[in-house]
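What follows is one structure encoded as structure tokens, with my remarks underneath.
The values are calculated or read from the model by the stated rules, or taken from the named source; none is laboratory data. This one's a predicted model, so the numbers in the text were calculated from it and none came from an experiment. Cβ placement follows ideal geometry from the backbone for every residue including glycine, while neighbour counts extend to all protein chains displayed. Ligands, DNA and RNA are stripped out before the accessible areas are found, and what is left, the full protein with its side chains, is counted by its heavy atoms. Shrake-Rupley method; radii C 1.70, N 1.55, O 1.52, S 1.80 Å.
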Amino acid sequence: LTVYYLRNLIAFLFASLFFAFVGRPLAQKLKSIHIGRFRMPDFLAAGLVVLIQIGVVSGLIMIIVPLLVEEIRLWSNVDIASLTTYLDEQVSVYSRLAEQYNIQLNPKQLKESLLQSLNLNKLGDAVNSLAGGLGSMLIAIFSIVFMTFFFLKEEGLSQTILYSVIHSRHHEKLDRILPKTKVLLSRYFIGLLLQVSIVASLVAIGLRIIGIEQILLIALFAGFINIIPYIGPFIGGSVGILLGAAQNLDLPVNELVVLIGYLAIVFSCTQLIDNFVLQPLIYSNSVNAHPLEIFLVITAAGTLTGVGGMIVAVPVYSLFRIVAKEFLSEFQIVQNLTRDV
């Protein structure tokens, strides 16, 4: 019950930890700067990193949002009814894929969700809701920035918090766990951001090459949905093909079929690059785990907890390995799993 009432604060805390882990390498570089007797103070290094993060996020919003709003306006003219047959086929694909991974999925609900997501005539209502929640948004931004600053400024702050809730006899082990955790999560989250950016860029370039006009919405959706292992790329590719085809419903049938083929090639090539280049670098190298090990962990998480579990499976498993190495090292299976930790 307490967690429910504090859910917003917990969400802010996790968001600030994410930004702190992403900004940690840069903060350490800034803190190590020495010019004569001058050494950059911790508060200044943390403040600069937070300002850089705010600048990057603000810049992306200023660039992307106007383009995205314009694309949504154009998409609002698409005849959604004419896409129902295609949606039926794609929903059946998702259903079979969900059954394969033992993930609970309601085909009717999924179809309705996809139709609602494509029904962009309600953009005005969304904008009004956003404006209404501006006060809450400002509170969230201030809270996240405030906590991120102190997590970057005081590297031992998270350690101090954990000391207060963990028995003193485990503090020595905690001292060994936390540095590994910070390095591992920093590498993982930075890698994940790179993966999203590269996948979105590859999709955008491919779509532009084959002559698709409104590419931003498709590319961003494909990049972010790709975070969901295994299922995400299928959803991103299917929705991307759907939206790409929807722009060209006036083409003759044979030309539309060829265009759909080109769209499938774009998403297939992107997925091959992601599978054989990006994911091994992020999921394997960043967490020092075998690809088969990662596959089993993600599949098990999807079976037990659904899509949400698949998204957080890798960082949670990585934390488990670090903690298990310190507290359960007497077991042979733990020794084998944590050999490279």
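With respect to Ile294, determine if the residue is open to solvent by 40 Å² or more (accessible area, probe 1.4 Å) and either outside any helix (DSSP H, G or I) or not charged (D, E, K, R) (or both).
So Ile294 does not fit the description; no.
Answer yes or no: is there a residue in the range 34-45 that is more than 28 Å from the chain's Cα centre (by Cα), of a type in the set (Phe, Trp, Tyr) and more than 26 Å from Ile139 (Cβ to Cβ).
yes
If Cys269 satisfies all but one of (1) modelled with pLDDT under 80; (2) hydrophobic (A, V, I, L, M, F, W, C); (3) in a helix (DSSP H, G or I); (4) surrounded by fewer than 17 Cβ atoms within 10 Å (Cβ to Cβ), what's the number of the condition it fails?
Of everything listed in (1) modelled with pLDDT under 80; (2) hydrophobic (A, V, I, L, M, F, W, C); (3) in a helix (DSSP H, G or I); (4) surrounded by fewer than 17 Cβ atoms within 10 Å (Cβ to Cβ), Cys269 misses just condition (1).
Does any residue in the range 308-324 that is under 21 Å from Leu162 (Cα atoms) come within less than 8 Å, Cβ to Cβ, of a residue that is among the basic types (Lys, Arg) six or more places away or on a different chain, and which pairs are these?
Ile322/Lys180
Restricting to the range 165-224, and then to whatever is open to solvent by less than 40 Å² (accessible area, probe 1.4 Å) and of a type in the set (Ser, Thr, Tyr), can you tell me which residue is farthest from the chain's Cα centre (by Cα)?
Thr181
Enumerate the pairs (first residue in the range 181-209 and farther than 14 Å from Phe221 by Cβ; second residue anywhere and modelled with pLDDT under 80 and not in a helix (DSSP H, G or I)) with beta-carbon separation below 7 Å, excluding pairs fewer than 6 apart on the same chain, so at least 6 apart or on different chains.
Matching pairs, first to second residue: Leu184/Val287; Arg187/Ser286; Tyr188/Ser286; Tyr188/Val287; Gly191/Ser286.
Can you find a residue in the range 228-239 that is open to solvent by 20 Å² or more (accessible area, probe 1.4 Å), without any contact (Cβ under 8 Å) to a residue 60 or more places away in the chain and either touching a strand residue (DSSP E or B) at 6+ places or on another chain (Cβ under 9 Å) or within 22 Å of Arg24 (Cβ to Cβ) (or both)?
Scanning the range 228-239 turns up no residue that is open to solvent by 20 Å² or more (accessible area, probe 1.4 Å), without any contact (Cβ under 8 Å) to a residue 60 or more places away in the chain and either touching a strand residue (DSSP E or B) at 6+ places or on another chain (Cβ under 9 Å) or within 22 Å of Arg24 (Cβ to Cβ) (or both).
For the range 331-341, check the following and say yes or no: at least one residue is open to solvent by 30 Å² or more (accessible area, probe 1.4 Å), in a loop (DSSP other than H, G, I, E, B), modelled with pLDDT under 80 and among the aliphatic types (A, V, I, L, M).
So far as the range 331-341 goes, yes, one or more of its residues are open to solvent by 30 Å² or more (accessible area, probe 1.4 Å), in a loop (DSSP other than H, G, I, E, B), modelled with pLDDT under 80 and among the aliphatic types (A, V, I, L, M).
Anything in the range 138-173 that is in a helix (DSSP H, G or I), over 26 Å from Lys29 (Cβ atoms) and of a type in the set (A, V, I, L, M)? List them, or say none.
Scanning the range 138-173 gives Leu138, Ile139, Ala140, Val165.
Looking at the range 50-85, which of the residues that are among the small types (Gly, Ala, Ser) and modelled with pLDDT under 80 is nearest to Glu213 (Cα to Cα)?
The residue in question is Ser76.
Which members of the range 210-231 meet the condition of being assigned to a helix (DSSP H, G or I) and within 15 Å of Ile273 (Cβ to Cβ)?
Within the range 210-231, Ala219, Ala222, Gly223 meet the criteria.
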